[in-house]
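**Q** My questions will all concern the structure given below.
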Amino acid sequence: MTNQGLLRTGIIGTVIAAICCFTPVLVILLGAVGLSAMLGWLDYVLFPALALFIGITIYALVRRSRAPQTEKAN
């Protein structure tokens, strides 16, 4: 995967996981479709996903900063 694609994946995943962690988006959606029993398990999935996507973003930024100048232009 290219540096740009890796960075884009990390940022988009981080934003989506953060929105789901810190706002009641999933609470409202799961309650509306009748799956509110799953709300107790959201933290076990969302916080590791948030950490994973933050890690991907940091990895992409480090990889991008160490890349030769010719790759940075792309």
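The numbers here are math on the coordinates, done by the rules we state, and not lab data. Everything numeric in this text was worked out from a predicted model, so none of it was measured.
**Q** Over the chain, what relative contact order in percent results from Cα pairs under 8 Å that are six or more residues apart?
**A** Dividing the mean separation by the residue count of the chain yields 50 percent.
**Q** If I stretch the segment between Ala67 and Ile12 completely, what's the gain in nm (0.36 nm per residue apart, minus their alpha carbon distance), one decimal?
**A** Using 0.36 nm per residue and subtracting the Cα-Cα distance, I get 17.6 nm.
**Q** Which three extents, in angstrom, do the Cα atoms of the chain have along their principal axes, listed largest first?
**A** Result for the chain: principal-axis Cα extents of 52, 18, 18 Å.
**Q** Can you list the DSSP H helices in the chain whose Cα atoms extend at least 27 Å along the helix axis and whose mean Kyte-Doolittle hydropathy is -1.0 or higher?
**A** 3-22, 42-66
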